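What follows draws every value from the coordinates through simple rules; no lab data is involved. Note that the coordinates shown come from a computational prediction; the quantities given were computed from them, not determined experimentally. Here Cβ is always computed from backbone atoms with ideal geometry, including for glycine, and neighbour counts include all displayed protein chains.
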Amino acid sequence: MIGVFDSGFGGLTVLASLLRTLPRYNYLFLADSARAPYGARSADVVNEFTLEAVEWLFDQGCTLVVLACNTASARALRNIQQLHLPRHRPDRRLLGVVRPSVEALAGLPPGAVALPGETAPSAAEGFVVVLGTESTIASDSYGIELRKLAPGLTLAQQACPLWAPLVEAGELDGPGTEWFLRRALEPFLPPHRVPQRMLLGCTHYPLLLPALRRIVPPEVELLAQGEIVATRLADWMARHPEQEQRLTRGGGRRFATTDDPDWFAARGERLLGQPIRAERVRLK
Ligand code: DGL
């Protein structure tokens with residue numbers, strides 16, 4: 001079974017793409033809605049909450065867990081991969097969204113490894129922007145990965161503190177939402193230097209795409225993470241057949257949340273376009 005974790009229901013934007021690209025596996029989606037949003041929380045707290053969530057997914061039988069949440073990927077992934085898994089869960093795998101997103105942002109193929117002093121031709125130069133929560137941007141995780149993979153690219157990172165709460169509140173459009181979108185985007189709109197690509201580095205932001213598309217100049221490519229993560233996960237599986245073979249199949253889908261399951265199911269159904277039943281769980 002593949003576990004997919006997000007702080008809230010926004011991670012269903014990633015799950016939707018996974019279900020389209022890799023439909024035959026069983027999935028368990030967990031949203032820590034009771035403690036979302038994570039975006040303004042400290043690194044220690046995000047780390048602690050994420051570890052609890054990942055451990056719960058492992059206990060349920062997930063052999064592979066994807067952190068769909070950027071904040072969790074940025075703050076907790078490395079710690080759990082390097083300190084927790086080798087000691088406590090050596091047979092399980094945990095993947096995040098930062099590395100595959102950076103590959104896409106740099107125009108590199110899946111799994112690309114830039115040798116020292118080398119960059120892919122398409123990533124040689126240019127200007128790209130990452131939009132994310134305060135915690136994701138403060139971690140500089142995107143900057144660290146991008147400097148390794150495509151040092152010729154100029155990167156700007158912009159925290160958009162109110163975007164995820166707006167989405168959680170269902171405020172996807174309208175003059176109030178547009179004001180907050182423009183406020184964060186202003187440094188990247190004419191007359192300023194306009195980037196080639198902007199990464200929506202937060203699970204919730206794809207829901208703002210129609211409003212964003214009206215504000216951002218048409219020549220700017222807006223990258224949502226669902227397709228990126230799904231395509232690159234398929235590639236990862238092809239390169240790790242021993243892990244792929246452990247995944248249970250049958251098209252099972254389970255949804256769990258730490259808060260009201262009916263609230264979650266109502267939003268989830270709209271996002272996935274199919275009826276869902278959610279269960280409430282406690283992480284500790
Ligand atoms: N899931 C979070 C992320 O992708 C956004 C919402 C939050 O702040 O918890 O960064």
Rg and Dmax of region 6-159 over Cα atoms: what are they, in angstrom?
15.9, 45
The whole-number value in µm²/s of the Stokes-Einstein translational diffusion coefficient for region 215-284, with Rh from the Kirkwood sum over alpha carbon pairs at 37 °C and 0.692 mPa s, is 211 µm²/s
Evaluate the Debye formula for region 93-238 with equal point scatterers sitting on the alpha carbons, no solvent, and hand back log10 of I(q)/I(0) at q = 0.10, 0.15, 0.19, 0.20 Å⁻¹, in q order, two decimals.
-0.34, -0.76, -1.17, -1.28
For C202, C69, which order do you get if you count the other beta carbons within 10 Å of each Cβ and list the fewest first?
C202, C69
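Only helical DSSP H runs with n ≥ 4 go in: add -39500 (n - 2.57) per run for the chain, normalise by residue count and round the 222 nm mean residue ellipticity to 500 deg cm²/dmol.
Mean residue ellipticity, 222 nm, calculated: -11500 deg cm²/dmol.
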The chain, relative contact order in percent, only Cα pairs under 8 angstrom and at least six apart counted:
27 percent
Which residue fluctuates the most in the chain, going by a Gaussian network model with Cα springs under 10 Å, if the choices are T133, T203, T248?
T248
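Thinking of the chain as a set of Cα atoms, what percent of all their pairs are more than 25 Å apart? Before the final figure, lay out the partial values.
Working: 17791 of 40186 pairs.
Result for the distance tail: 44 percent.
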